[in-house]
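See structure below.
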């Protein structure tokens, strides 16, 4: 099993921390992982993306040139990363912020109203968790249990209320995928 993932959005959306969480979850599940972040010049508000590889075998490179899945949190990220998605790949769109839709017929699209769900849960900052929940349910790259368990390990300074909200956001994202 090999999953090359790109998660992309703007700074402040938790793209990089979401990638760390996904990689940590892979380790919890006993898989090989790599994590490779990339930031725009401005950080918060600038572009941010990361590449994560989760594999059942050793990973030779952290570079994900043609990802199996892309988690797109904002409109500019769709334009930049959709062309790189391999044929047969899965595009996860944050439909709260991305009004465009893919014109490709060789990929699958999963629409996730991540910001709306995060607002329902009480904090827009957990939109990344909604996206990750949908991704993990669809891809099975890691287990939902490992993802929820890893929240406390990655967000060590968060209080229990915030940790539980993030776990709820993961569950809500997973519920969107049939």
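The values are calculated or read from the model by the stated rules, or taken from the named source; none is laboratory data. Everything numeric in this text was worked out from a predicted model, so none of it was measured. Ideal geometry is used to build each Cβ from the backbone, glycine not excepted, and the neighbour counts take in all protein chains shown.
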Per-region count, the stretch 147-168, residues touching a helix residue (DSSP H, G or I) at 6+ places or on another chain (Cβ under 7 Å) and either within 16 Å of residue 137 (Cα to Cα) or part of a helix (DSSP H, G or I) (or both)
13
Report yes if residue 26 is at pLDDT below 95 and in contact with a strand residue (DSSP E or B) (Cβ under 9 Å, 6 or more places away or on another chain), otherwise no.
no
Of residues in the stretch 135-146 being touching a helix residue (DSSP H, G or I) at 6+ places or on another chain (Cβ under 8 Å) and within 17 Å of residue 94 (Cβ to Cβ), the one surrounded by the fewest Cβ atoms within 10 Å (Cβ to Cβ)
137
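Collect the residues in the stretch 89-103 that are farther than 14 Å from residue 71 by Cβ and touching a strand residue (DSSP E or B) at 6+ places or on another chain (Cβ under 8 Å), keeping them in residue-number order.
101
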